[in-house]
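What follows is a set of notes on a single structure, which appears directly below.
The values are calculated or read from the model by the stated rules, or taken from the named source; none is laboratory data. Please read all numbers here as calculations on a predicted model, not as lab measurements. Here the Cβ positions follow ideal geometry from the backbone for every residue, glycine too, while neighbour counts run over all protein chains shown. The area values use the complete protein model at the heavy-atom level, side chains included, leaving out ligands, DNA and RNA. Shrake-Rupley method; radii C 1.70, N 1.55, O 1.52, S 1.80 Å.
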Amino acid sequence: MTVRSVVLDADGTLVRGDEPIPGAIEAVDRLRERGLDLLVLSNNPTRTPADYADWLAELGFAVGPDDVVTSGSLTADYVAAEYPDAATYLLGEAGLREMLAARGVTLVADPDAAEVVVASIDREFTYDRLREALWALDGSAFVATDPDRTIPAPDRPVPGSGPIVAAVAEAANRDPDAMLGKPAQTAAEAVESRVAGRGREVLVVGDRLDTDVALGERAGMATALVCSGVSTRADAEVSDVTPDYVIDSAADVESLL
Ligand SMILES: [Mg+2]
């Protein structure tokens with residue numbers, strides 16, 4: 001089956017920290033030249049898709065604002081659709097706050113007023129914020145942006161949303177009611193609604209077995225693990241999640257087509 005669309009992860013796949021992965025910019029250009037439909041699907045919820053696209057474009061990637069979906073935009077869409085009039089307490093960063101507000105979600109600082117709690121990476125996370133989130137969760141819906149334990153950074157990995165969501169879940173002794181980023185069904189549906197082709201006509205490329213490859217596998221899409229980020233070839237050999245292809249980096253995606 002011919003690949004019609006390529007879904008690309010960002011951190012660890014196109015970029016590492018603030019640097020493009022070698023060959024990734026050219027790889028995106030070549031996919032474009034072949035007329036493939038491209039979507040960047042990131043579990044980074046801290047920037048709006050437009051900001052994310054601007055940043056990728058500044059680095060040299062041929063990516064526009066309509067080519068990016070993040071766990072933040074998926075979460076904002078979900079909260080606005082499922083809890084349109086609910087008071088929402090956010091444990092998360094400014095970009096996510098902006099996306100929620102832009103969709104008309106009412107954000108509250110008072111945990112006792114909350115009806116929905118959104119938990120996400122927050123680089124100013126403190127014990128007091130954890131306590132507020134715990135109190136806000138009393139009788140409220142619990143929504144999490146994404147499960148990523150870490151984010152690849154130039155030097156060493158840094159904690160992602162996963163540990164913060166887990167801290168809240170542990171304090172409240174309950175799991176999130178919804179987790180919107182990869183590998184959730186919501187993220188797969190967002191891919192299907194935005195790109196050309198179905199099933200194995202769509203190739204998902206990413207550096208994490210448990211999010212990128214798992215999303216593609218569950219959705220019946222073709223999958224490629226890149227070894228430029230978190231997961232390694234050795235990880236792929238022992239994982240329950242099995243990529244169709246394992247390549248060194250995004251620079252090699254074209255060889256799969
Ligand atoms: Mg990644």
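A few points about this structure:
- Take 156-168, 6-18, 72-84, 197-209 and order them by the average number of nearby Cβ atoms within 10 Å per residue, most first; the result is 6-18, 197-209, 72-84, 156-168.
- Pairs of alpha carbons in the chain separated by more than 28 Å make up 31% of all such pairs.
- Annotation: the antiparallel percentage among DSSP beta bridges lying fully within region 75-179 is about 15.
- Accessible area per residue for region 59-146 is 42 Å², calculated with a 1.4 Å probe on protein heavy atoms, without ligands, DNA or RNA.
- Relative contact order [Cα under 8 Å, 6+ residues apart], region 75-179, whole percent: 25 percent
- Net charge of neighbours whose Cβ lies under 13 Å from the Cβ of residue 2, counting Lys and Arg as +1 and Asp and Glu as -1: +2
- Nearest 10 degrees, 0 to 90: helix 24-33 Cα axis against the chain principal axis: 70 degrees
- Fraction of accessible area attributable to carbon and sulfur, region 1-72 (%, probe 1.4 Å): 45 percent
- Candidate residues 242, 48, 2: accessible-area rank, largest first, probe 1.4 Å: 2, 242, 48
- Value of relative contact order over region 57-128, rounded to a whole percent, pairs C-alpha under 8 Å and six or more apart: 32 percent
- For region 67-76, 3J(HN,Hα) computed residue by residue from phi via the Karplus equation (6.51, -1.76, 1.60; θ = phi - 60°) reads 9, 10, 10, 10, 4, x, 5, 5, 5, 4 Hz, glycine and proline entered as x.
- Over all distinct Cα-Cα pairs of region 118-247, the Kirkwood formula returns a hydrodynamic radius of 15.9 Å.
- Convex hull of region 75-179 built on C-alpha atoms - directionally averaged projected area, nm²: 6.3 nm²
- Put simply, the amide H of residue 149, placed in the peptide plane, has neighbours under 5 Å in 162, leaving out anything fewer than 5 places away on its chain.
- The chain: angle of helix 185-194 to the longest principal axis, Cα-based, in degrees nearest 10: 50 degrees
- With K and R counted +1 and D and E -1, the other residues having a Cβ less than 13 Å from that of residue 17 yield a net charge of -2.
- Ordered from highest to lowest accessible area with the whole protein assembly present and a 1.4 Å probe, 237, 98 read as 237, 98.
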